[in-house]
1. If I stretch the segment between GLU92 and ARG155 completely, what's the gain in nm (0.36 nm per residue apart, minus their alpha carbon distance), one decimal?
2. Sort LYS84, LYS119 by Cβ crowding within 10 Å, fewest neighbours at the top.
3. With a Förster radius of 25 Å, plug the Cβ-Cβ distance of PHE280 and GLN374 into 1/(1 + (r/R0)^6) and report the FRET value to the nearest 0.05.
4. Quick one: the Cα spread of the range 71-143 along its three principal axes, in angstroms, biggest first?
5. Please report the relative contact order for the chain, taking Cα pairs under 8 Å with a sequence separation of at least 6, and give it as a percent rounded to a whole number.
6. Helix-only estimate, please: 222 nm mean residue ellipticity of the chain, summing -39500 (n - 2.57) across DSSP H runs of length 4 or more and dividing by its residues, to the nearest 500.
7. Taking only Cα atoms, what is the 0 to 90° angle, nearest 10, from helix 338-348's long axis to the longest principal axis of the chain?
8. For the Cα atoms of the chain, what angle does the longest principal axis make with the long axis of helix 252-261, in degrees from 0 to 90, nearest 10?
Amino acid sequence: MIRMKSLRRALCVLPAAFCLVVETDLDNGRGAKSIPDFAAAGVRRAEYRAELERFRNEFGGTRALPAHPFFLFGMGLRPKFLYKAGTLIQAESGAVFRQWEGAEEMIVPSDCAVVLRTKTGDIVRLQEDERGLWIEDRAGRERVPGTDRPVRLPRFDGFRFPQVMRVLHQELLVNVTPAGPVPNVFVYSRPWYRDGAMMAMAFERTGNLAVIRDWILGLCEPYDRNNAGETEADNLGQALFLVSLVSDARHPLVASVQAEVQKFEVVQGTNRFIRGRSDFAEHPVYQTKWLKYGLRSLHLPDPFTIPRMADGYSALFWMDYRDAHVPGRDADDRANYPYLGWACDHFHGQRRSPMSDRDYPLTWEAEASQARYQGMALVSDEYVTRKLAAPHTWHAAEVFLYLFESNQP
């Protein structure tokens, strides 16, 4: 432990290198002392925790998640790795990739890093950046095989909560798989159009559409059929929007969607809208908003009018058509489905929704009908017992986009 008695200290934190240089009277001002990386990581984590606390206090507080520290590596199309308790695990197979028994750990989510101090005092650094996942120890620095797939990682400097935004962005990117963007890599094997569209909005803003481009180009079905096989009407607009990000109206999915739209059309007087089921209930306002948004994104004719009726999902669509809203009871479950509350808060300009009480992950979903929670056993059996999935991409996307839209520089 270094004791600092100087009246004048100059701190320079370099996150990429985890080196904290301190000018102190220990050397009478003639040079600089280097605090060990483990201590520097502690400084970085303290800075992140302070910002996270300010963020929680300003918004909706916390929800308690299981107290089992872990971190996910593998942003974008890279292979996924789970770090917990001194062990780096291949997430897909569950096989141990590397292990450091008895090591002290310092997880710094805002730097996408874990710093370990082994029983012999050696420092090991696991860190993921735009070029890959790296393991650095006294023997040198190596990139984990297969992780040399590029991603873009903005710092969000100038935003009010840049470190929180970096963690939310990481939670989005780490849930992209070769099959597409999923709500959570442990409990969902297939992408959902609704969650994928929200993730795509975030990736469009951060220059990361490349990680889901091939998935979108390969879409051939108007519905994802993930909710007990139902053909959910909001999928139609989401599919059109997704296509618009990487292609145009000539994409073959567009014609298929347009043919399906007719099955949901309702005409009342001079108004034409769609009505079907989403999340096992009718939400015509929400569904028509998505359809209009998708048609406009592809510069296609739009004969539809948003119906003037109460719809609990209406406020979930904050992207446009804010004036086409009839007040009623919002579907804003902030406990099990916190993305609903965050979307409604974004629409109404409120700040009432929580984040997790952990440094990482910040987001979750609970009690979902289609989730296979046994997959979370790789992290902790407590997640399985409590029917929790964390992180969760719809939740992460809603929070990230709220901060991006409302707290810009």
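We did not get these values from a lab; they are worked out from the coordinates using the rules stated. Since this is a predicted model, take the numbers as computed values, not measurements. As a convention, Cβ positions derive from the backbone with ideal geometry for all residues, glycine included, and neighbour counts pool all protein chains shown.
1. Roughly 19.8 nm would be gained on extension.
2. Least crowded to most crowded, the residues run LYS119, LYS84.
3. 0.60
4. Between the extreme Cα coordinates on each principal axis of the range 71-143 lie 35, 24, 23 Å.
5. 15 percent
6. Details: 10 runs with 123 residues, N = 409.
Value at 222 nm, helices only: -9500 deg cm²/dmol.
7. 70 degrees
8. Result, in degrees: 50.
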